[in-house]
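Single-structure report; data block below.
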Amino acid sequence: MSMPLLSLITFLPLAAAVLLIFFPKDRKRLLYGFALGVTVAVFAASLILYFGFDSAAAGPQFVERTAWLGFGIQYHVGVDGISLFLVLLTTFLLPLVLLSSWSYIRERIKEYLIFMLLLETGILGVFLSLNLFLFYVFWEAALIPMYFLIGIWGGKRRVYATMKFVLFTMAGSLLMLAAIFTLSSLFFKATGTYSLNVFDQARMVLNPRLQTWLFLAFGLAFAIKVPMFPFHTWLPDAHVEAPTGASILLAAVLLKMGSYGFLRFAIPLFPDAVERFLPVLSVLCLIGIIYGGLMALIQKDIKSLVAYSSVSHMGLVMLAVFSLNVEGTLGAIYQMLNHGLSTGALFLAVGILYERAHTRLIRDFGGVSKQMPVFSAFFLIAVLSSAGLPGLNGFIGEITCLYGVFAANKVYAALAVTTLILGAAYLLWMFQRVMQGPVTNEKILSFPDMSWREIACFAPIVVLMFWMGIAPRAFTGKMDASVTAYVHRIKGRERVFVQKAVPSPVSFRLDAEERLPR
Amino acid sequence: MRDLFWLIPFPPAASALALILFGRFLSRKWVTIQACGSVLVSFLLSIFSFAGLFGSAGESLPWIKILSPWIKAGAFGADFGFQFDPLSAVMVLVVTGVGLLIHVYSVGYMAHDKGYTRYFAYLNLFMFAMLLLVLASNMVLMFVGWEGVGLCSYLLIGFWFERKSASAAGKKAFIVNRIGDAGFLLGLLFLLTIVGSSDFTAINGAVRGGTIGGGLATLIALLLFVGATGKSAQIPLYIWLPDAMEGPTPVSALIHAATMVTAGVYMVARLNVLFGASGSAGDVVAIIGAATAVFAATMALTQNDIKRVLAYSTISQLGYMFLGCGVGAYAAGVFHLATHAFFKSLLFLSAGSVIHALSGEQDMRKMGGLRKYLPRTYPPFLVGAIAISGVPFLSGFFSKDAILTSAFAQGKTILWALGLAGAIMTAFYMFRLIFMTFHGPERISEEAKSHLHESPKVMTVPLAILAVFSIIAGYVGLPAILGEKADLFRRFLAPVISPAAEARALSIGAEGLLILASAGAAFLGIFVAYLFYIRSPHLPQALADRLPFVHKLLYNKYYVDEAVGAVVIRPLIRGSDLVYSGFDLKVIDGAINGSAAAAGFFGKALSFLQTGFVKDYAFAFLLGVALILGVFLF
């Protein structure tokens, strides 16, 4: 690659954020125009990735690699079938999120846009990093803008929510950093060289005790981010307090950092530990699916309802991840994208309601459909996408996930299909109470229907929902090779090549023609 | 026509899309032409395809058309594939034929509704989903149609969503159906993982080749049947259908009587090879069917809402179809599906005409003597009632008798007796309805009477056409007593129905007696209704007073809805509420807040170490790292 495309995509938002500092803070149109322009440009650049992506190649593409801090710490980025669409989801949503904030964010617009752009850089870095330390840097970097977005533009209990958010995530990530250092030194002890390249690291076979501890360190960080039961309680609070734009990104993309972390790091690096913990992890996922669904059923605030629906949906994603087969893994990635779109759209819808009613409590609404027919159609499509209705994206993800889970364990699948029932129940009940029935609140009679700006935010998501539901192969075709290789790697680990005869915590697995990294 | 059959679902799809996107710019006239015209095109395509089946003797069935691959993920895959064979032919003819008449009827019925365009958009969308369901060549694509019709049902039940009862009924229908679908999906996953495909031809091949058999076949068949109990309103998932009457009456006729609710029957018939391979799955289907047939009929006996009577009647008649399939008489089950589509949509549309005439009144206690006011509605309504009651020489007689005869022939005497009892009740409640509505003294309110008018031609002509079919449709499936070749319908379906699954023949004498019994049941029911509601109108009240418990139980539909609320829904909500406040907020967050408080406490206790925030962080951080590194490395 002659042009450093990935770096361009990653750091263009950062550069724009720096430039924004020098903009006058009261020129709203200019500020938005600039930020929107940059994010659209980033999206356009990321489309080059899509079209230039070689579907047949399993390994990372568009790779850039340069020395950075030494000790195996390199600037090493690349995109493969697992990360490609997460990158695209991020770049696709950012302009829409900014557009949706136009009327919601009334003060400190400049700072808001700066943090949004910083957030984009952080998220993209997470999905593109192939070096463990680099990954960690972006992982933490993505946390900071979100902290400010909720803390400054959030609701009444924003301080509590941000503290909880930060405490939960920091607790996880510090242990992960320690684990990364440990891996680095283990690698050095085994080979005499430093490498934090994830693919090099994945070839190191650690003894079971080490794997267990290191897996727990990584796994905790990721499980909190997903969030998996019982680490989920930060999510409803963060969502309820966050401004619409931050909520969309939090649900649509930030949570995926957790599930992506399992796919990219925790599982390939510690496959034996994963296998050992599989029953526990799967049961936690199942609890998440059912528990999240039941909690969503009884929420009074629409936003926390959607937050609990995320717990349920991400439970299915993680259960599919832990099926450790091609179908489950593909389904999980697909469902991550679906969840990004459907939950993003749901939060967008809640935001549209909130801007009119200044409340998110279900009981304050009723009969809105009559007043806002266009919005009603969009909202219903988002609801149905989230409920996995065939013809829309959610169905493809759900059935593929369930196929993978079923192939791995039929009992798990039998319990997981309850998501079909619960999903329909909490979503349609909410839709009925908010949108249908008689108009209960006089204020509703003055609600204007969606503006063109709001339609422009919502419509691209809806188009994508249909597209992903009808032509999934445009997406799965690009994931296939990487996912197959990924499953092959973790399943084929019995071919262990012991590097040293002396008792060591470390050995290496190698394919016949492969060499140890130098 | 072989190459064009797959086009059948698409005209209504295109129309629906256009109506949804551009409906607000279209004139009412154009909406009418487009919505009805698209269904007409599908109907014509169906007729041509049906005719094509006769010209293709010797060609292998089914015709298959794969448009493109759809899903591909590892070993899991599905195509956009369509297939056509005699079973599909029957279904598309019924769906597009009845669908067309109901579209036309709706032009009159919905003429004054503000949501005219939206109504036809949903109705067209329904046609697409239903046709997809019956033409799909694999079960994943069929599931798209299966849930698609559920969505349209949801949208149309809740069409007048400003009414709380309508929106609640729509939601209930969707959720109850989802319970069935969860079972269906598990069955589908079994097939997908074992067969490696969900193509019907592949599934049949796997069953015939012995890959699936015995207990596994039973398990899969029953899981799929759970889906059928939801969609086709059988025990225990029937509870959504009576509420579904909140939708406009033509919708009740099309979706909740003639087509969508028969999807479960279609699915069982489509997979007859699988159901036949399992010994006991068929028995379960037959028992559930017979039980539902009788159970729902008892509830229809005492209802006063004209549409609710018909709703319970539909549940009951669907039970007969499953009884037929369950005893191996798939052709008879599908035959009853077809005849029922005619006479039940006729009944619903006639009831709609009555309701329309009475400005929305649905309570039969406020009707009576309408015969002379509605001269063009009464005769077709009567024809429908005679047909469903099983009076000889009309369609319902032949199809119901075929099912009961097969049940008897299979040695399921108890199920046969249940079916016969249901038949008596059917005749009774239908003629109770006729007598209460059209005969006897007028009990119409002054308000309704001042607007009383016969419906326009656009509504009554479809009634006349359906009435004709309700009379003659039975003659394609004459009983075996008239000769081995008399049952054209069964012979037409023979390529689709596995021969081993068919019922064995009875002696002519036995069959003659069974036919007499069926006919007798119909006349007995009608006679009792005449006795109760014309000759001695005080009898129903007297009987209710003598058996207050039974009457209350039936009148309140066995309190099933109340029981579901008390045993399932409320405990679920309360339990979740308790867990939410008890576990999520107290235990988990309590632990977090507690540890934060503890940290605060230790922080204070150790505050003499405190020099500044950043250093603290960095120090703790490094300490931790060093500690962990130490544990592992040294």
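Any read-out appearing in this document is the output of simple, stated calculations on the displayed coordinates, not a laboratory observation. On a predicted model such as this, the values are computed, not experimentally measured, just so you know. As a convention, Cβ positions derive from the backbone with ideal geometry for all residues, glycine included, and neighbour counts pool all protein chains shown.
The table that follows gives values for the structure above.
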{"quantity": "Cβ-based charge dipole, chain B, positive-most Cα from B:L216, B:L323, B:H256", "calculated": "B:H256"}
{"quantity": "Inter-part distance where the stretch B:455-530 and the stretch A:270-309 are each reduced to a Cα centre, Å", "calculated": "53 Å"}
{"quantity": "Relative contact order [Cα under 8 Å, 6+ residues apart], the stretch A:5-514, whole percent", "calculated": "16 percent"}
{"quantity": "Qualifying lysines (Cα of each under 29 Å from Cα of A:K189; at least 8 residues distant if same chain)", "calculated": "A:K491, A:K500"}
{"quantity": "Space enclosed by the convex hull of the alpha-carbon atoms of the protein assembly as shown, per residue, Å³", "calculated": "185 Å³"}
{"quantity": "Ascending count of other beta-carbon atoms within 10 Å, so fewest first, for A:K25, A:K110, A:K303", "calculated": "A:K25, A:K110, A:K303"}
{"quantity": "Computed E for A:M170/A:F22 - FRET, C-beta separation, R0 41 angstrom, nearest 0.05", "calculated": "0.80"}
{"quantity": "All Cα pairs of chain B, percent lying beyond 32 Å", "calculated": "51 percent"}
{"quantity": "Cβ-based charge dipole, chain A, positive-most Cα from A:P60, A:I150, A:I302", "calculated": "A:I150"}
{"quantity": "Greater than 23 Å apart at Cα, pairs in A:K410/B:K412; B:K231/B:K366; A:K256/B:K586; B:K171/B:K457; A:K28/A:K303; B:K344/B:K557", "calculated": "A:K410/B:K412; B:K231/B:K366; A:K256/B:K586; B:K171/B:K457; A:K28/A:K303"}
{"quantity": "Debye-sum result for the stretch B:354-439 in log10 I(q)/I(0), which assumes one identical scatterer on each alpha carbon, at q = 0.17, 0.26 Å⁻¹", "calculated": "-0.74, -1.20"}
{"quantity": "Positive dipole terminus of the stretch B:504-596, leading residue within B:L513, B:I588, B:P548 (C-beta point charges)", "calculated": "B:L513"}
{"quantity": "Residues A:I114, B:I47, B:I179, B:I8 arranged by fewest to most Cβ contacts within 10 Å", "calculated": "B:I47, B:I179, A:I114, B:I8"}
{"quantity": "Neighbour count of at most 10 Cβ within 10 Å plus DSSP loop: longest trypsin sites (Lys or Arg not before Pro)-free window in chain B", "calculated": "B:115-484"}
{"quantity": "Estimated FRET transfer efficiency when R0 is 25 angstrom, pair A:A456-B:L21 (beta carbons, to 0.05)", "calculated": "0.95"}
{"quantity": "Efficiency of FRET from Cβ geometry, A:A414 and B:H451, R₀ 60 Å, rounded to 0.05", "calculated": "0.60"}
{"quantity": "Protection proxy ranking, peptides B:281-288, B:95-102, A:310-317, average beta carbon neighbours within 10 Å, highest first", "calculated": "A:310-317, B:95-102, B:281-288"}
{"quantity": "Shielding of B:152-158 by partner chains, average beta-carbon count, 10 Å", "calculated": "2"}
{"quantity": "Exercise: per-residue mean of other protein chain Cβ atoms within 10 Å, A:172-179", "calculated": "3"}
{"quantity": "Dipole magnitude of the stretch A:5-514, debye to nearest 20 (Cβ charges: Lys/Arg +1, Asp/Glu -1, about Cα centre)", "calculated": "800 debye"}
{"quantity": "Span-rule helices in chain A, defined as complete DSSP H runs reaching 15 Å or more along the axis (Cα) with Kyte mean at least 1.6", "calculated": "A:5-20, A:84-100, A:109-128, A:132-153, A:373-386"}
{"quantity": "Burial ranking of peptide ranges A:67-77, A:83-93 (average Cβ count within 10 Å, highest at the top)", "calculated": "A:83-93, A:67-77"}
{"quantity": "Straight-distance crosslink candidates among lysines, where the alpha carbon sits under 16 Å from A:K478 and sequence neighbours closer than 8 are dropped", "calculated": "B:K72"}
{"quantity": "Per-residue Cβ neighbour rank within 10 angstrom, fewest leading, B:M321, B:M139", "calculated": "B:M139, B:M321"}
{"quantity": "Residue-by-residue Karplus 3J(HN,Hα) for the stretch B:242-250, coefficients 6.51, -1.76, 1.60, Hz, glycine and proline x", "calculated": "x, 5, 5, 5, 5, x, x, 4, x"}
{"quantity": "Per-residue [θ]222 nm for chain B (sum of -39500 (n - 2.57) over DSSP H runs n ≥ 4, rounded to 500)", "calculated": "-22500 deg cm²/dmol"}
